[in-house]
Amino acid sequence: MSAPAPSTLAIVDAEPLPRQDEVLTEAALAFVAELHRLFTPRRDELLARRTERRAEIARTSSLDFLPDTAQIREGDWKVAPAPAALNDRRVEITGPTDRKMTINALNSGARVWLADFEDASAPTWENVVLGQLNLIDAYERRIDFTSPQGKTYALKPAEELATVVMRPRGWHLEERHLRADRRAVPGALVDFGLYFFHNAQRLIDLGKGPYFYLPKTESHLEARLWNDIFVFAQDYVGIPQGTVRATVLIETITAAYEMEEILYELRDHAAGLNAGRWDYLFSIVKNFRDGGEKFVLPDRNAVTMTAPFMRAYTELLVRTCHKRGAHAIGGMAAFIPSRRDAEVNKVAFEKVKADKDREAGDGFDGSWVAHPDLVPIAMASFDAVLGDRPNQKDRLREDVSVAPGDLIAIDSLDAKPTYEGLRNAVQVGIRYIEAWLRGLGAVAIFNLMEDAATAEISRSQIWQWINAGVVFEHGGKPVRATAELAREVAAEELAAIRAEVGEEAFAAGKWQQAHDLLLQVSLDADYADFLTLPAYEQLAG
């Protein structure tokens, strides 16, 4: 390929970073600019379509499988066979692409590492660019890390390393530091473009390929856009069509009604679907926030994957994937082991085991963990079901039948919102947002690894409970959820954090800013589509 003319490059608007020229090459910036020129207009149309669909849900308080695509659901087709590197996915570890995590995740013993530029990564320019550099260094086996305490980290032999599946940002986010055609380039195209351009051939040479997780997808038309991007990108760098593989996170309620259509649009590039929890619940609140009492969720921790409407979602996902020859990947075990409390670990490990036993028993082909110590627990659950088989896609789950209403039967839950649930939402929301504003996307809070989806469900529940006029039992009397109550609880939590961390650390952090932002997105009459949109305006770097 000849060197591109300067006018065809994406323009960098940021302070220089160490070794950035290895990532932000002229050829790579030309590729990103071409992705932007060809595909951003369709991305804009699809974001507008999201708004239109949300308005329709507000009017009807219902969703259904699409009548116009019945022939796809009834058709006889399958996705392309999985490449060898993605055929066995029984345990996947997730995490951001900082240098230490890159080494630890690759070494973890998991079959797959979800290398995250999305919810587990605050999109500072440093995280965006150096995260790409860390992956290049890992593939070139020139990555190491020494902690401030002198502990060193290095890669194990290649055959012991996890296969990387990279997750770019969702379609709603833009990258203010990279511009083309006089506007910011979508973060998804920046993350995908830089990674694909630099690593597609590297990965092929390693016997693997450019594999992706696609987040926040809301319709099969968004999957079609990604498929067209993959087709263009493979031709651009001269690799065979079908080399790219994508796993789609079914983490929005609208996508749950289009699972087969999403796989169909990506069928030459599809690897599977994933079932999550926090983003999925956040999407239910966001879309059905006008639907009245029957759509009010209880405390987030009271909504387990065994709740009837969540069970309908996960069982439909397994049936859909296996019917179409795709992998079904289960949800996150977010527990972070305590180094001080063995009893906390014992109880948590038992819960993780029960959760992974259920997923393996339901037919999932793999599942997520957030910490290397959980890899052996999840592995044992799937080993017990799979044995020497790489997956259980032959288990078709034809016993599963899910009606449209089953996916939104929120009122089937016995649990109700509680005052302690409100307090926990405020606690976790402030603590997570404060860390995010400092550039940290994966944050250990109360022995759980939290990411941006945590903050989204936390602020959404505060918003929903207030707007629904939920009444809590507190101190032996009823207390109504109001903006004043949320401000009172937030002030108490901010004071408690100040006492906990001390004046110096409090002043050095972004605690007041996080407090104010949580209240802004929780109390504003106009519900923000994503917390990360106003938060990005305040993110330094």
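A Förster radius of 25 Å, combined with the Cβ-Cβ distance separating Lys78 from Phe232, puts the computed FRET efficiency at roughly 0.55. Summing Cβ point charges (Lys, Arg +1; Asp, Glu -1) relative to the Cα centre of the chain gives a dipole of roughly 500 debye.
Once the dipole of the range 441-526 is set up with Lys and Arg at +1 and Asp and Glu at -1 on Cβ about the Cα centre, which of Gly475, Ala453, Ala490 lies farthest towards its positive end? The one lying farthest along the dipole's positive direction is Gly475. Entry comment: accessible area of the chain is 39 Å² per residue, from protein heavy atoms only and a probe of 1.4 Å.
Give me the percent of accessible area attributable to carbon and sulfur for the range 186-301, probe 1.4 angstrom. It is 44 percent, rounded to a whole number.
For the range 395-437, the Cα gyration tensor yields ellipsoid semi-axes of 35, 18, 9 Å (square root of five times each eigenvalue, largest first, whole Å). Bridge orientation summary for the chain: considering DSSP beta bridges with both residues in this region, about 35 percent are antiparallel. Report summary: the helix-based calculation at 222 nm, which adds -39500 (n - 2.57) for every DSSP H run with n ≥ 4 and divides by the residues of the chain, gives -15000 deg cm²/dmol.
A simple packing score, the average count of other Cβ atoms within 10 Å per residue, orders the peptides 189-197, 44-52 as 189-197, 44-52, with the highest score first. In summary, the lysines within cross-link reach of Lys100, defined as a Cα separation below 29 angstrom excluding same-chain residues under 8 places away, comprise Lys151, Lys156, Lys208, Lys216, Lys346, Lys351, Lys353, Lys356, Lys510. Toward the positive end of the charge dipole of the chain, about the Cα centre and with charges on Cβ (Lys, Arg +1; Asp, Glu -1), which of Gly75, Gly387, Pro96 goes farthest? After comparing all options, I get Gly387. Using the beta-carbon distance between Asp290 and Gln201 and R0 = 35 Å, what value does 1/(1 + (r/R0)^6) give for FRET efficiency, to the nearest 0.05? Efficiency computed from Cβ-Cβ geometry: 0.10.
Expressed as a whole percent, the proportion of Cα-Cα pairs in the range 238-336 lying more than 16 Å apart is 59%. Protection proxy ranking for 401-414, 362-375, using the average of other Cβ atoms within 10 Å per residue and placing the highest first: 362-375, 401-414. Here the contact order of the range 180-321, divided by its residue count and restricted to Cα pairs under 8 Å and six or more residues apart, works out to 20 percent. Listed by chain and number, the lysines whose alpha-carbon sits under 23 Å from that of Lys477, ignoring those within fewer than 8 places in the same chain, are Lys416.
The Cβ shell under 14 Å around Gly75 holds other residues with a net charge of -1, Lys and Arg each +1, Asp and Glu each -1. Placing a label point 7 Å from the Cα of Asp524 along the Cα-to-Cβ direction, the residues of the range 427-464 with a backbone N closer than 14 Å are 459-460, 463. A compact globular protein would have a Cα radius of gyration near 2.2 N^0.38 Å; the ratio found for the chain is 0.94.
Each Cα pair of the range 322-455 feeds into the Kirkwood radius, which the Stokes-Einstein equation turns, at 20 °C and 1.002 mPa s, into a diffusion coefficient of 123 µm²/s. For the range 455-512, with all protein chains in place and a probe radius of 1.4 Å, 52% of the accessible heavy-atom surface sits on carbon or sulfur. Between the listed residues Leu35, Leu263, Ala507, the Cα displaced farthest toward the positive end of the dipole of the chain, a dipole computed from Cβ unit charges relative to the Cα centre, is found at Leu263. Working from Cα pairs under 8 Å separated by at least six residues, relative contact order for the chain is 16 percent.
The values are calculated or read from the model by the stated rules, or taken from the named source; none is laboratory data. Since we're looking at a predicted model, the values are computed, not measured. Neighbour counts are summed over all protein chains in view; Cβ atoms, including those assigned to glycine, are modelled from backbone coordinates with ideal geometry. Note: areas computed on protein heavy atoms with side chains; ligands, DNA, RNA excluded. Shrake-Rupley method; radii C 1.70, N 1.55, O 1.52, S 1.80 Å.
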